[in-house]
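Engineer: Once you've had a glance at the structure underneath, I'll fire off some questions.
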Amino acid sequence: MTDRTTELVGYPDVAAAAGRIAGIAVRTPLLPCPWADPDRPLWIKAECLQPTGAFKIRGAVNALACLSPEQRERGVVAVSSGNHAQAVAYAAARFGIPALIAIPEGSAPNKVAATEALGAEVVRVPAAEREQAARSLAAERGRTLVHPFDDPRVIAGQGTVGMEIAAQAAEQGVTVDTVLVPVGGGGLISGIAAALDELIPEATVLGVEPEFAADAQQSLRTGTRTAWPVEDTWRTIADALRASSVGELTWRHIQALVDDILAVPEDAIRFAVRVLAFQSHLVVEPGGATAVAGYLAHRAELPPGRTYVAVVSGGNVDADIYLDLLD
């Protein structure tokens, strides 16, 4: 795989990543939803069942597996509000690589604690300065920065979700027409779209994000990559999707491969968490439930007679917040 961000990640990159992550990331189930609209059958890809509770383990393992022996010895730096932090910490522990994680102030305490428990060094940084702080730490310590989404190795790893969707749908005799994917920085949807472009090219790929952090929708519909202020995106309960903008590399993937992006209100995200708990028996964090929220909130606009897959991207939710969501 090339490291030049001028090129898009392709299916061969995703297939190579699948080999690298095997045995660490797991093949999560593709589950039918009997509770969904029978005119719009829904299946969910349950990435909340990964060892670290979210899809991020795929990209983190692939990125670290690609490091040279010298880079592994020096260690890595990552920046994340939680799920990527846990994924890098877990992968680093598996590979014996020192890991430092820059976590924005105000991040979910349960995710910070989980990252520390995995053995990573945690540094708290201002939310508005998180990426620059991580780059500075990487430079100071001579370590490799593992970006949460704007890295071709990370995108390729996330693309294995799309590979599995295609394979599992074929195994179960399901024709996939539309795939809904939560969007924060855009790494997951970029990788999935790259895989499906090869495996199910006729499928529609839709992003879903909170209305409070709908920078990707605005970007795609205006044709200009747009950043939202941190004070706006941090209003959403979907803490995993609070990126101020999609990345430069993920933006190119979204422009080339994504059909549209939907935005959903906070109440729809909360409702989706409850539906997944009581109807699909899954513990899901708000960001992880956002694609299902897109299906439920926009159901009337989604064409009938098509089969939908929603990616449930994570389940790392604070216990107190979860109890409030279920109330």
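Engineer: When the residues of the stretch 272-299 are filtered to those that are farther than 15 Å from Leu206 by Cα and among the aliphatic types (A, V, I, L, M), which remaining residue is surrounded by the most Cβ atoms within 10 Å (Cβ to Cβ)?
Structural biologist: It comes out as Val284.
Conditions (1) among the aliphatic types (A, V, I, L, M); (2) out of contact with any strand residue (DSSP E or B) (no Cβ under 9 Å at 6 or more places or on another chain); (3) assigned to a strand (DSSP E or B), marked per residue:
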position	(1), (2), (3)
Gln158	no, yes, no
Ala170	yes, yes, no
Gly191	no, yes, no
Pro201	no, yes, no
Val205	yes, no, yes
Glu209	no, no, yes
Leu220	yes, no, no
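Engineer: Residues of the stretch 9-32 being assigned to a loop (DSSP other than H, G, I, E, B) and either β-branched (Val, Ile, Thr) or surrounded by 20 or more Cβ atoms within 10 Å (Cβ to Cβ) (or both), which ones? I'd like the intermediate steps shown before the answer.
Structural biologist: Kept after step one, since they are assigned to a loop (DSSP other than H, G, I, E, B), are these residues of the stretch 9-32: 9-10, 23-24, 26-29.
Result: Val9, Ile24, Val26, Thr28.
Engineer: Can you name the number of the only condition in (1) surrounded by fewer than 18 Cβ atoms within 10 Å (Cβ to Cβ); (2) at pLDDT 95 or above; (3) not in a loop (DSSP other than H, G, I, E, B) that Ile254 fails?
Structural biologist: So the condition that Ile254 fails would be (1).
Engineer: Search the stretch 136-145 for residues being without any contact (Cβ under 8 Å) to a residue 40 or more places away in the chain and not polar (S, T, N, Q), and hand back the single one that is farthest from Ala63 (Cα to Cα). Show your work before the answer.
Structural biologist: Keep residues of the stretch 136-145 that are without any contact (Cβ under 8 Å) to a residue 40 or more places away in the chain, which gives 136, 139-140.
Still in the running and not polar (S, T, N, Q): 139-140.
On the way: Ala139: 18, Glu140: 21 Å.
Here the answer is Glu140.
Engineer: In this structure, is Pro29 without any contact (Cβ under 8 Å) to a residue 40 or more places away in the chain and either touching a Pro at 6+ places or on another chain (Cβ under 8 Å) or over 20 Å from Gly187 (Cβ atoms) (or both)? Please lay out each step first, then the result.
Structural biologist: Numbers: without any contact (Cβ under 8 Å) to a residue 40 or more places away in the chain: no; either touching a Pro at 6+ places or on another chain (Cβ under 8 Å) or over 20 Å from Gly187 (Cβ atoms) (or both): yes.
The answer is no for Pro29.
Engineer: Look through Ala63, Ala91, Ala128 and report the one residue that is in contact with a Leu (Cβ under 9 Å, 6 or more places away or on another chain) and touching a residue at least 12 places away in the same chain (Cβ under 8 Å).
Structural biologist: Values: Ala63 fails: in contact with a Leu (Cβ under 9 Å, 6 or more places away or on another chain); Ala128 fails: in contact with a Leu (Cβ under 9 Å, 6 or more places away or on another chain).
Testing whether each residue is in contact with a Leu (Cβ under 9 Å, 6 or more places away or on another chain) and touching a residue at least 12 places away in the same chain (Cβ under 8 Å) leaves just Ala91.
Engineer: Next up: Identify, please: which residue in the stretch 82-105 is part of a loop (DSSP other than H, G, I, E, B) and over 20 Å from the mean Cα position of the chain (by Cα) and is, among those, modelled with the lowest pLDDT? If you could, list the steps in order and put the result at the bottom.
Structural biologist: As a first pass, look at the stretch 82-105 and keep what is part of a loop (DSSP other than H, G, I, E, B): 82, 96-98, 105.
This time we only want the ones that are over 20 Å from the mean Cα position of the chain (by Cα), so: 96-98, 105.
Working: Gly96: 97, Ile97: 97, Pro98: 95, Glu105: 85.
Checked the stretch 82-105; the qualifying residue modelled with the lowest pLDDT is Glu105.
Engineer: Got a number for residues in the stretch 98-124 being charged (D, E, K, R) and surrounded by 19 or more Cβ atoms within 10 Å (Cβ to Cβ)? Steps first, answer last, please.
Structural biologist: Narrowing the stretch 98-124 to residues charged (D, E, K, R): 105, 111, 116, 121, 124.
Filter again for surrounded by 19 or more Cβ atoms within 10 Å (Cβ to Cβ), leaving 111.
Of the residues in the stretch 98-124, 1 are charged (D, E, K, R) and surrounded by 19 or more Cβ atoms within 10 Å (Cβ to Cβ).
Engineer: If you don't mind, there's one more thing I want to ask. From the residues in the stretch 222-251 that are assigned to a helix (DSSP H, G or I) and touching a Lys or Arg at 6+ places or on another chain (Cβ under 7 Å), which one is modelled with the highest pLDDT?
Structural biologist: Going through the qualifying residues, I end up with Trp251.
Engineer: Suppose we filter the stretch 44-81 for residues that are surrounded by fewer than 24 Cβ atoms within 10 Å (Cβ to Cβ), of a type in the set (A, V, I, L, M, F, W, C) and more than 13 Å from the chain's Cα centre (by Cα); how many remain?
Structural biologist: Looking only at that region, the number is 4.
Engineer: Looking at (1) closer than 26 Å to Asn110 by Cβ; (2) over 16 Å from the mean Cα position of the chain (by Cα); (3) in contact (Cβ under 8 Å) with a residue 60 or more places away in the chain, which is the one condition that is false for Arg235?
Structural biologist: (3)
The values are calculated or read from the model by the stated rules, or taken from the named source; none is laboratory data. Since we're looking at a predicted model, the values are computed, not measured. So basically every Cβ, Gly included, is an ideal-geometry build from the backbone, and we count neighbours across all protein chains shown.
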